[in-house]
1. Positive end of the dipole of segment 9-263, charges at C-beta (+1 Lys, Arg; -1 Asp, Glu), about the Cα centre: which of Thr230, Pro116, Gln139 has its Cα farthest in that direction?
2. At a Förster distance of 25 Å, what's the computed FRET efficiency of Lys85 paired with Leu392, Cβ-Cβ distance as r, to 0.05?
3. Quick check: pseudo-label points 7 Å beyond the Cα along Cα→Cβ at Trp253 and Leu9, how many nm apart are they?
4. Which distance in nm do the two modelled labels at Gln24 and Leu401 give, with both placed 7 Å along the Cα-to-Cβ direction?
5. Pop a pseudo-label 7 angstrom from the Cα along the beta-carbon direction at both Glu419 and Val440 and give the gap in nm to one decimal.
6. So if R0 is 25 Å, what FRET efficiency would Ala17 and Gln304 give, r being the distance between their Cβ atoms, rounded to the nearest 0.05?
7. Using modelled amide H (1.01 Å from N, peptide plane; none on Pro or chain starts), what sits under 5 Å from the amide H of His407, excluding residues fewer than 5 places away?
8. Packing-wise, with mean Cβ within 10 Å as the measure, how do 66-73, 410-417, 293-300, 88-95 rank, highest first?
Amino acid sequence: MEKTVPQFLWNGIDLEALRLVMDQPCDDAVASVFESKSMRHLATILKEMAANDDFVSDELPPAMHDFVTQELQIVFSDEDIRMFKQTHTIWQEHGMKFVFILFFRALPYTYMAEKPANVLRMTKLLETQTERRVIETAQFVFDVMEKNWWKPDKRGILTALKVRIMHSAMRHIILDSGMQGETWIDDWGKPISQEDLIATNQVFSLEFFKGMAMMGQPLTAEEQKAWFHTWKTIAKIMGVQENLICDTVEEAWDLQHAIYAHLFNDKTHSGIALAKALVETMHQFHMPEKLALFLMKTMLADDQFPDCFERMLGPSYAEAHPELFVKHDSLAAEEKHKKEVLQKQLHAHAMDYYQTIKEKKSSLKKTDAQIGFLLFILNWLLSLFGVDNNKLHRIDIELELLHNILHDAETGEPLEEIEEESIVELITIFGGIIVSILSVHFREGKESGFRIPKDLQENWALKG
């Protein structure tokens, strides 16, 4: 009897067939460089693209030059720009929460998709270059969320195009010669397929909306519409085909759930390694392992795939932290256990984190030693004239908020457990601490380090 293959359809599109579709215009441009035996030249171009602010198109090979020139001719309407500006306002207000949701929900949740996870595993981009990969994902978001990102002199479009070209280069290398002696398997479809591209793009909208709702601060329908419009515009710039660009948030959720159902039921091994690497990356933010797991357990709660946390993190951490992976007979029992764990054990780990960040706070303020001394003199001179020029740094703000949650308001003594209503506020604070550390993070070979626009540094009190 012939085996029946389940079909996964959305809007008449076969998602399994979609796994065979890549990004032909960009792939052709990259292939022409490889075919002209300019592989070393392409490698140099890609390295310069990653390191520099500018995209020097005159140095690109002809086919690549024509492709980039064509893509940069995109025209935006007044309505587009109105929504872009509204999105930037949302980013200014909620960007730190977005970063938290990205690290503790969006990334580990999507690692359940085994087929696309193989790209990251084979290229070792997250397993051996964990910190770099996670930081680059965050940098991509900051670049496309920058004020006026769509203008030619800003980073947004260029950053999106750089990532698109790098995707094509990765496809070419994986399919042409494999990686580390491993061959791409046909059953996985094609690397970084159209299904992967649209699902990843929509994560930056839909999982942000989901995360904000989980934190008790849902975006309004109008805010969601603007944010989604901006990100689907970025999807077009990054090579997503037109028939996958949804008109509404509701339609996008239908597509996203269909993709999750299609990809999340494979036996996972790559995703487990990626999730473990992500937890280890939290060490760069001075976050204890168990605290990172607590936060992921909280944010990975999900109706469609309630076993996500156990599937992605259980194989790596259940033995060391069995209390986080206790199985219950009912959803009610699970929720009761989770609340007890969060309120009692989370408190102790949050207190440890508070003490660690308090000790390290001087190194988390981005101020050159000499400039810091000059600022001290300037502030002293201003004080002689009655001018108070001292401004709180984000890390000071978050530490004060964290102190208030963890200590009794009257006695100043540490509390034994966190109030349930304080957990969301605590999570928001962690987002602010992560952004504070990102703001002083420098990568090897990058003179500018992690780039946060000046207006956002001011708005988020990252300068102090």
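1. Farthest along the dipole direction, towards plus: Gln139.
2. Details: r = 28 Å, r/R0 = 1.11.
Rounded to the nearest 0.05, the efficiency is 0.35.
3. If labels sit at Trp253 and Leu9, their model points lie 2.3 nm apart.
4. 4.9 nm
5. Between Glu419 and Val440, the simple spin-label model gives 3.1 nm.
6. Values: r = 23 Å, r/R0 = 0.92.
E between Ala17 and Gln304, to the nearest 0.05, is 0.60.
7. Leu415
8. Values: 66-73: 14.9, 410-417: 10.2, 293-300: 22.5, 88-95: 18.2.
For the peptides 66-73, 410-417, 293-300, 88-95, the packing ranking is 293-300, 88-95, 66-73, 410-417.
None of the figures in this text is laboratory data; all of them are computed from the coordinates on show. Note that the structure is a prediction, hence the values are computed from the model and not measured. Note that each Cβ is placed from the backbone with ideal geometry, even for glycine, and that neighbours are counted across all protein chains shown.
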